[in-house]
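Heads up, the thing below is written out as structure tokens.
The values are calculated or read from the model by the stated rules, or taken from the named source; none is laboratory data. Here the structure is a predicted model, which means the values were calculated and not measured. Neighbour counts run over all protein chains shown; Cβ positions are idealised from the backbone, glycine included.
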Ligand code: SF4
């Protein structure tokens with residue numbers, strides 16, 4: 001790497017000290033706060049994490065508090081952040097921190113990597129930002145900044161290219177005066193200045209060393225890729241009321257929205273007719289009526305939710321997974337954002353009756 005490492009790392013550290021956004025986990029630094037924020041920030045927008053970070057920390061201020069919490073209370077505190085598997089991984093990691101490290105987040109890279117749900121990037125971020133270790137980090141943002149700086153043809157899924165980026169990140173962090181500030185600055189640079197679609201090179205603290213800027217390659221790194229078409233799924237959610245209670249079913253503890261609750265739902269690759277929905281429920285319903293639909297777009301698929309109302313004769317069994325819950329907020333089981341929306345559609349249709 002031909003970059004002037006010390007000048008470059010100092011420029012990023014200086015810029016970050018002056019320009020860093022004011023984010024809750026930056027106001028008060030502890031290893032546990034860094035750990036939680038890094039897990040929350042995986043695949044979730046910063047604005048969402050900003051809203052939910054402090055309430056979560058208030059409930060679970062230490063690994064020991066999270067380790068002994070119930071799964072439902074953790075899921076409820078995680079609501080709105082999506083990808084609930086991370087919440088389960090975080091709780092498992094908290095138990096491991098209690099058992100293996102006396103309740104304190106470890107500082108060594110290899111100890112961090114041995115925790116549930118912690119990959120090379122997250123371990124590097126915690127080791128450097130929270131503990132000051134000279135650990136490299138590479139995520140999509142960092143990869144793009146380093147690829148542009150070195151005019152490396154960008155291909156995150158190319159193993160050789162990824163290896164070069166990790167090596168570059170390692171050389172830079174070793175040259176930096178403050179590894180935590182440098183790494184966080186590099187991430188911030190990728191998210192605020194050297195963005196994917198509209199980099200602001202005029203405000204970039206390392207523009208003078210940027211090879212792709214010199215060679216006019218900024219718009220070509222990364223190359224534009226044709227996105228594969230997203231798969232479409234149809235979720236037919238059925239609202240069944242009994243007095244002031246409503247039936248829910250818990251999702252399996254694996255896969256999307258694992259362990260969360262939902263209206264009884266039939267999933268399918270195509271839109272189903274009412275008779276098909278009835279035949280796939282594990283209990284009998286009458287008067288199945290469609291009341292509204294909406295769509296959620298996830299990373300690799302679109303999910304069309306179709307909300308129905310149905311009646312059930314009193315005394316009928318509710319199926320092996322059905323449970324009745326009260327209709328007020330405090331009586332509801334933990335639900336994902338899409339599942340809450342199915343309830344909104346149901347409530348709107350009831351107001352129109
Ligand atoms: S000069 Fe432009 S392309 Fe180069 S690192 Fe800075 S923002 Fe990115």
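Here are some notes:
- Residue 81 vs. criteria at pLDDT 95 or above and either surrounded by 15 or more Cβ atoms within 10 Å (Cβ to Cβ) or farther than 30 Å from residue 207 by Cβ (or both): no
- Some residue of region 175-191 being free of Cβ contacts under 8 Å to residues at least 12 places away in the same chain, in contact with a helix residue (DSSP H, G or I) (Cβ under 7 Å, 6 or more places away or on another chain) and within 10 Å of the ligand (Cβ to nearest atom): no
- Residue ID - modelled with the lowest pLDDT, chosen from residues in region 275-290 that are surrounded by 16 or more Cβ atoms within 10 Å (Cβ to Cβ) and within 32 Å of the chain's Cα centre (by Cα): 281
- Region 195-228: number of residues that are within 22 Å of the chain's Cα centre (by Cα) and either within 19 Å of residue 4 (Cα to Cα) or away from the ligand (no atom under 16 Å from the Cβ) (or both): 2
- In region 197-218, the residues that are free of Cβ contacts under 8 Å to residues at least 12 places away in the same chain reach residues that are near the ligand (Cβ under 6 Å from one of its atoms) and not in a loop (DSSP other than H, G, I, E, B) with C-beta atoms within less than 8 angstrom, at least six apart or across chains, in these pairs: 207/201; 207/213.
- Of the helices (runs of 4 or more DSSP H) lying entirely inside region 64-123, those containing at least 1 residues that are free of Cβ contacts under 8 Å to residues at least 60 places away in the same chain and farther than 30 Å from residue 296 by Cβ are 85-101, 109-113.
- Residue check, residue 153 at pLDDT 95 or above and part of a loop (DSSP other than H, G, I, E, B): no
- Residue list for region 124-144, filter: part of a helix (DSSP H, G or I) and without any contact (Cβ under 8 Å) to a residue 60 or more places away in the chain: 124, 127, 128, 140, 141, 142, 143
- Test: residue in region 123-131 that is more than 16 Å from the ligand (Cβ to nearest atom), surrounded by fewer than 19 Cβ atoms within 10 Å (Cβ to Cβ) and more than 23 Å from residue 4 (Cα to Cα): yes
- For region 306-313, the criterion of being farther than 12 Å from residue 239 by Cβ and in a strand (DSSP E or B) is met by none of the residues.
- When residue 168 is tested against (1) surrounded by 20 or more Cβ atoms within 10 Å (Cβ to Cβ); (2) at pLDDT below 95; (3) not in a helix (DSSP H, G or I), just one condition goes unmet, and that condition is (3).
- Residue within region 254-265 that is assigned by TED's automatic domain parsing to the domain that holds residue 332, away from the ligand (no atom under 16 Å from the Cβ) and more than 30 Å from residue 350 (Cβ to Cβ) present: yes
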